[in-house]
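First up is the structure itself, then whatever we jot down about it.
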Amino acid sequence: MKHKLLLFAFMIISCSVFAQDDIKCDTCWKRSLFSALNFNQASFTNWSAGGDNSIGLLAVTNAFYNYKAIDSSRTWENSLDLAYGIIQNGNNPLRKNEDRIEFISKYGHRAFYKVYYAGLLNFRSQFAPGFNFPNDSVVVSRFLAPAWLLVSLGLDWKPNDVFNLYLSPATGRLTIVRDQELADQGAYGVDPAIYNEVTDSVGNVSIVKVTDGKMFRPEFGAMMSMKFQKDVVKNVNLKTRLDLFNNYTDKNKPNRKNIDVTWETAITLKVNKYISSTLLTTLLYDNDIPFIDREGNVFGPRLQFKQLFGLGFSVKLQ
């Protein structure tokens, strides 16, 4: 039930954000909101090859509110990406298969030609707890566990309206794990709790926590971000962003050569005014995040990939 309420609230809030009349100068400010509720469904009756009935819902909202001076000397770009999806296979309980909150704000002042001095703020987290399914008693994530806050200064190259390249030699990134149990485990790269063995007077040995795990992990390094968005053919929009980050202050010096990769792509096909299909993909690599299988075994970092596809109702406001 809570999943359905979250989806409903998600759609109402997303649409109400843009319900007001725009009072800004049309030549300076541009805004847009795209919101979609997509469906996935499979049904089997007397199917000899086997299979589980399934149904899924995916709510997606992409919004921006951007400023560009008439003489192009200053820009201010603000974007909000929200997504939440649930799925049910057979008689299994509902579980989420997508959960995303991301806000980006970037201000630029022209340096020369189409290059801007820029400052960037980026926040990422999620709405609801995540579990190590099929064991739904093991929580692996929550709201603000993890979350990432990134602040950066650099140069932003904007050769046209569909592509930009941002380079920064001075980027601070803060990993947040606002859950003490996860922090004690050292989840998402924070420093884990420290434990000691204590032996009592009769020889019994117990494990005692000496210090709590850290809830914050600060990093400082360099980043590169490339973004491309365009209607590649009629009614088909491609949006993709590649972010690279290198922490050159890592306490473990061999790790300083590693690069964290986040590559996100969204392809939206507009069938008509109210029906669209959406394909979302995310590719991640972070050397500080180990891979944990469904049995709880911990392995080294691995390339992570996620793909979601849905067809459903959509609305676009400008």
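Bear in mind these aren't lab numbers, they're just calculated from the coordinates by the rules spelled out. These numbers were taken from a predicted model, which means no experiment stands behind them. No Cβ is skipped: glycine too gets one built from the backbone with ideal geometry, and neighbour counts run over all protein chains shown.
Odds and ends about this structure:
- Near the amide H of Leu144, within less than 5 Å, lie the amide hydrogens of Gln126, all on another chain or at least 5 residues away, with H placed in the peptide plane.
- By the helix-only formula, in which each DSSP H run with n ≥ 4 contributes -39500 (n - 2.57) and the sum is divided by residues, the chain has a 222 nm mean residue ellipticity of -2000 deg cm²/dmol.
- Cα gyration tensor category, rounded, prolate or oblate, for segment 201-284 with a/c compared to 1.5: oblate
- Cβ-Cβ FRET estimate between Lys273 and Ile194, R0 fixed at 51 Å, reported to 0.05: 0.30
- Taking 7 Å steps out from each Cα toward its Cβ at Tyr67 and Val208 produces label points 5.7 nm apart.
- Given 10 as the ceiling on other Cβ atoms within 10 Å, longest exposed-site-free region of the chain for chymotrypsin sites (Phe, Trp or Tyr not before Pro) in DSSP loops: 114-318
- Net length gained if the chain between Leu155 and Phe103 were fully extended (0.36 nm per residue, minus Cα distance): 16.7 nm
- You can think of it this way: the chain between Gln41 and Leu174 has 44.0 nm of extra reach, that is 0.36 nm per residue less the Cα-Cα gap.
- Given charges at beta-carbon only (K, R positive; D, E negative), |dipole| of the chain in Debye: 1140 debye
- For the chain, the Cα gyration tensor yields ellipsoid semi-axes of 36, 30, 17 Å (square root of five times each eigenvalue, largest first, whole Å).
- Kirkwood analysis of the Cα pair distances in segment 51-142 returns a hydrodynamic radius of 16.2 Å.
- With Cα atoms as the point set, the radius of gyration and Dmax of segment 66-196 evaluate to 19.7, 64 Å.
- Partner lysines for Lys257 [C-alpha distance under 28 Å; skip if fewer than 8 residues away on the same chain]: Lys106, Lys214, Lys227, Lys306
- For segment 229-318, trypsin sites (Lys or Arg not before Pro) meeting the loop criterion (DSSP other than H, G, I, E, B) and having at most 13 other Cβ atoms within 10 Å: Lys234, Lys251, Lys273, Arg294, Arg302.
- Diagonalising the gyration tensor over the Cα atoms of segment 130-197 and scaling each eigenvalue by 5 before taking the square root yields semi-axes of 36, 17, 8 Å, largest first.
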